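Structure record follows, encoded as structure tokens.
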Amino acid sequence: MRIVLIGPRGSGKTTIGALIAENLGCRFFDTDVVVEEMEGISIPAIFAEQGEPAFRDAETAVIRNLPPDGAVVATGGGAVLRSSNVQALRAGSLTVFLDADASILAARTGGSSRPPLTSLSPAEEVAAVRTVRLPLYRGAADLCVDTGLLSPEAVIRRIETFMEERQLPVAGREFVTFLEQTRMERGEWRSVEERICGREGMPLHGLYAVIGNPCLHSRSPELFTALFATCGVDGVYTRIEWADLNTIMTAVRTAGLKALSVTIPFKSDIMQYCDEITTDAQAIGAVNTVVRCGDRFVGTNTDWMGVRQPLAGTAPGNAVVFGAGGAARAAVYALQDLGMDVMVLNRTSKRAQRIACDFGCESGTPDAYDPEGTDVIVNATPVGMEGRGGSMLVADDLRAQQTVFDLVYTPPETELLRQARAAGCRCIRGTEMFVYQAQEQMRLFTGIGVDAAQIREILE
Ligand code: NAP
């Protein structure tokens, strides 16, 4: 196996990496040093003479050529910015994210000859760069260690303990015993049990699950299992359908799950279990993604990206959102991020007013819809779902210049989309929301980016 250390400059990767390699009696590679040897000049000189992209290309070439086994690797702080680097580094490796408080990092790197990446002061740059890279470090890491107040020896002990515990089947057994009590399909449970409690023990890159009630219908286990296989992630993604969130979270903590997809009815209740919640998720008031880093649960919302990405490039204009539930809140946030003026129309006007108040947009009931003044329509109600049918609009309500995004995804082609297609509108199916929110989840879960087309292909 290989041990890969990632994290910001000043987190102790080189010192700790060299010591681990010495303890294990294996080779140590500092990718920055290898880049300098390969190029024959210093990193500041590469930045000055050829620019950052040339350095990143050299770094990628070095990462590709690292021995796949029996080595300890310390990477440059920005290595995680390229998904292909993360994929190559993680293959067959235990990846450890070393971090420290921004003030400690700034103090440790003071006087460094490395070129600045921004025009900010050194302390501000450390904080800004760390913030941007943090989700990637957390996603790519199998273990997170704060080196701020620990000696290198103590950090190494923590890494060794983690590796020893991975060999013990106890946590895995407890987890599959819990899963057996849930309403999981027997065949699916057996394959999880075999994988976790089998000879190989816990997967190198950890356990993941979608949690909800219900979530037996969720396609996330099928999707992430396929994506993990394609990207060389040795992880097990399962499902937990259970009524009590507290019981779920106790099992999640005990078994040390790496990350969760969160679905109804837990998207707001899960927030109380998170140690940190991103600004987006706070504004929307819902968390659908949880990533564990050390003992901390970090809550994020990727639903709004599922609405934003398919609409990216749409000229800013007037948007109407039908509905005032969780999906509507994510939609309003996404539309405003795209520079749209939003009006929320809901049969219960009080709920629409609440969103209007939270997001500073307009509200009303569906009869306030004005086709002439609407460029983008998002349906965030269940109207049009399989078994219910129907549409929030009639054919005359639609104009060819409009974009219509129906968040309902079963069936993929709803009555509203049929009407919109007949009227010549640009149509976006609800499945696209699932595709793009899952794409962002994959990045947060693993640090690896995948194409939307890859996700569509698996879901077809
Ligand atoms: P929710 O919190 O239950 O909110 C549903 C909203 O729809 C409420 O505002 C409700 O109005 C309104 N509504 C329900 N039935 C209606 C009807 N017959 N006529 C008019 N309005 C009606 O649900 P949600 O979580 O926001 O999800 C809404 C829909 O989005 C779901 O049904 C699902 O199809 C879709 N969705 C898709 C994805 C995806 O990945 N594509 C993800 C999430 C959700 P009241 O306030 O008056 O009750």
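Taken together, Ala123, Ala88, Ala128 contain a single residue that is at pLDDT below 95 and within 22 Å of the chain's Cα centre (by Cα), which is Ala128. The numbered conditions (1) out of contact with any strand residue (DSSP E or B) (no Cβ under 7 Å at 6 or more places or on another chain); (2) assigned to a loop (DSSP other than H, G, I, E, B); (3) buried (at least 18 other Cβ atoms within 10 Å of the Cβ); (4) not polar (S, T, N, Q) are all true for Pro203 except (1). Restricted to the stretch 347-376, and to residues that are hydrophobic (A, V, I, L, M, F, W, C) and within 14 Å of the ligand (Cβ to nearest atom), which residue is nearest to Trp304 (Cα to Cα)? Checking each candidate, the answer is Ile355.
Among residues of the stretch 411-447 being in a helix (DSSP H, G or I) and in contact with a strand residue (DSSP E or B) (Cβ under 6 Å, 6 or more places away or on another chain), the one that is nearest to the ligand (Cβ to nearest atom) is Gly430.
When Thr314, Thr289, Thr300, Thr263 are checked against the criterion of being buried (at least 18 other Cβ atoms within 10 Å of the Cβ), within 22 Å of Val376 (Cβ to Cβ) and modelled with pLDDT of 95 or more, Thr314 stands alone in meeting it. When Thr109 is tested against the conditions (1) touching a residue at least 40 places away in the same chain (Cβ under 8 Å); (2) in contact with a helix residue (DSSP H, G or I) (Cβ under 6 Å, 6 or more places away or on another chain); (3) closer than 30 Å to Thr60 by Cβ, the lone failure is (2). Scanning the stretch 317-335 for residues being at pLDDT 95 or above and within 11 Å of Ile284 (Cβ to Cβ) gives a total of 8.
When the stretch 386-397 is limited to residues that are within 33 Å of the chain's Cα centre (by Cα) and crowded, with 17+ Cβ neighbours inside 10 Å, the one that is farthest from the ligand (Cβ to nearest atom) turns out to be Ser391.
The values are calculated or read from the model by the stated rules, or taken from the named source; none is laboratory data. All figures in this text were calculated on a predicted structure; none of them were measured in a lab. Don't worry about glycine lacking a Cβ; one is built from the backbone with ideal geometry, like all the others, and counts go over all protein chains shown.
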